[in-house]
Amino acid sequence: MKKSYIYILFGLMVIAQIAASAQIVYKYEKTIASDSVFKFRTAPIDPSDPFRGKSIILNFDIDRYETSDDSWEDSKTRYAYFSKDEYGYAVLETVSKELLADSNFEYVEVEIYNYYGDAVHFNLPFDTYYMEESKAYDAEVLYRENNRNEKQQDVYAVVHIKDGTYVLTDVIIDGVSIKDAVAK
């Protein structure tokens, strides 16, 4: 009789693991399938980080919110709300200390790292774009070269956002996916 309980418990455990994994995959696939796609303009970064592995580290133009409210605390999770301009680029609408129930904008959780000079400074959570190992270094070099201050090229990240869930799907440099640019 004890063996049957063990088999039943094992079967329930397997079903629970499959259900949990399927729920996570469904949430991200639902986000990608939504029509809520934002383009985030990138900004220059420091050239290298040996601890991050095979990825491209992204920095964004949107990293601060002007406010006269000085009650912001560092290292707290807050909510950044975005709309899109006529070209699909992300526009920061507001940063809130709590989730806004009646907002029509998409949001992501951000980490506040500083309040200085009447502005809240934060990091967007999708700052790392992972790639195939053999192409990651070339992609990092291409990204850095095309995202310098003196360059006027259009470099942006494609991010799907839906109900606080986000998926970074591509980095575009002058209209070409970085995956295709390094494949040549």
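Derivation of every value follows stated rules applied to the coordinates shown; laboratory data play no part. Owing to the predicted nature of the structure, the values given are computational and were not obtained by experimental measurement. When we count neighbours, we look across all protein chains shown, and the Cβ atoms used for this are built from the backbone with ideal geometry, even at glycine.
Things to note:
- In a reduced charge model with +1 at each Lys and Arg Cβ and -1 at each Asp and Glu Cβ, the chain shows a dipole moment near 1140 debye about its Cα centre.
- Length-normalised contact order of the chain in % [C-alpha pairs under 8 Å, at least 6 apart]: 26 percent
- Annotation: amide H of ASP61 within the under-5 Å range of ARG41, THR42, ALA43, sequence separation 5 or more or interchain, hydrogens built in the peptide plane.
- Against the main long axis of the alpha-carbon atoms of the chain, helix 2-33 sits at an angle near 20°.
- Rounded to 10°, Cα long-axis angle of helix 133-146 versus longest principal axis of the chain: 20 degrees
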